[in-house]
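Everything on this sheet refers to the single structure shown next.
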Amino acid sequence: MVTPRLTWAIHLALLATCALGAVGCGGSSRSSSGGGGGGAGTTNPGQVGSNYWYVNDAFGNPLKTHDATEATFAQEVLSLTNQQRANNGLPWLLADGAATQAAKAHVEDMRGRGYFAHNTPEGWSPLDRLQLLGASGFTRVGENIAMGQPTPQAVVTAWMNSPGHRANILDPAYTHLGVGVVRSPGPYWAQVFLTRP
């Protein structure tokens, strides 16, 4: 459940469908005065979020992680994103384990349940997913998603050509980034941006 301390700051692009070479959606962002805690979803241990977040799509198993190729793709997306920021006079984003976990969970869920949106069918937002996974210590959250771009370069180029996504990538308030990718079918891509003090 979202606490009253949280406020939405959703980009208008989120409300419209947009094409990004293949499929894309405007980025979203949300600020929090406390970060972490609470969240929607089940409360049973080992049954937080969607079963697609877990190995073999089964609650109680470990959370899914990137295979070697996906990990390389995720690192390339981080590097290309930081090149875009450097080209615009902005500091690099640091890799963030909690944001990566949330991004990976979301791409696995979108693929597994066949949807493409910032919010899950239950209505869990990027902030909700971070909270469900136990993330804390952040004050702001943003997310970019995409589907169908075959390479890290293609997806970062598509995001940079979309105003909502570009705004997240070049937002000077963000300090950390997690990237999620699942290759087949898709690929599905997600960036989860955080502001950490």
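The values are calculated or read from the model by the stated rules, or taken from the named source; none is laboratory data. Only a predicted model underlies this, so the values are computations on that prediction, with no experimental measurement involved. Counting neighbours? That spans all protein chains shown, and the Cβs are built from the backbone with ideal geometry, glycine included. SASA here: full protein model, heavy atoms, side chains in, ligands and nucleic acids out. Shrake-Rupley method; radii C 1.70, N 1.55, O 1.52, S 1.80 Å.
Before moving on, here are some points about what is shown:
- Residue match in segment 54-67 (condition: closer than 22 Å to residue 142 by Cβ, modelled with pLDDT of 95 or more and surrounded by 14 or more Cβ atoms within 10 Å (Cβ to Cβ)): yes
- Residue in segment 103-125 that is nearest to residue 187 (Cα to Cα), counting only those that are touching a residue at least 12 places away in the same chain (Cβ under 8 Å) and part of a loop (DSSP other than H, G, I, E, B): 116
- Top-ranked residue in segment 81-130 [being of a type in the set (A, V, I, L, M) and more than 16 Å from the chain's Cα centre (by Cα); ranked as surrounded by the fewest Cβ atoms within 10 Å (Cβ to Cβ)]: 86
- Here residue 141 does not fit the description of being at pLDDT 95 or above, among the aliphatic types (A, V, I, L, M) and closer than 25 Å to residue 68 by Cα.
- Pairing residues of segment 128-142 that are without any contact (Cβ under 8 Å) to a residue 40 or more places away in the chain with residues that are part of a strand (DSSP E or B) and open to solvent by 10 Å² or more (accessible area, probe 1.4 Å), at Cβ distances under 7 Å and at least 6 apart in sequence or on separate chains, gives no pairs at all.
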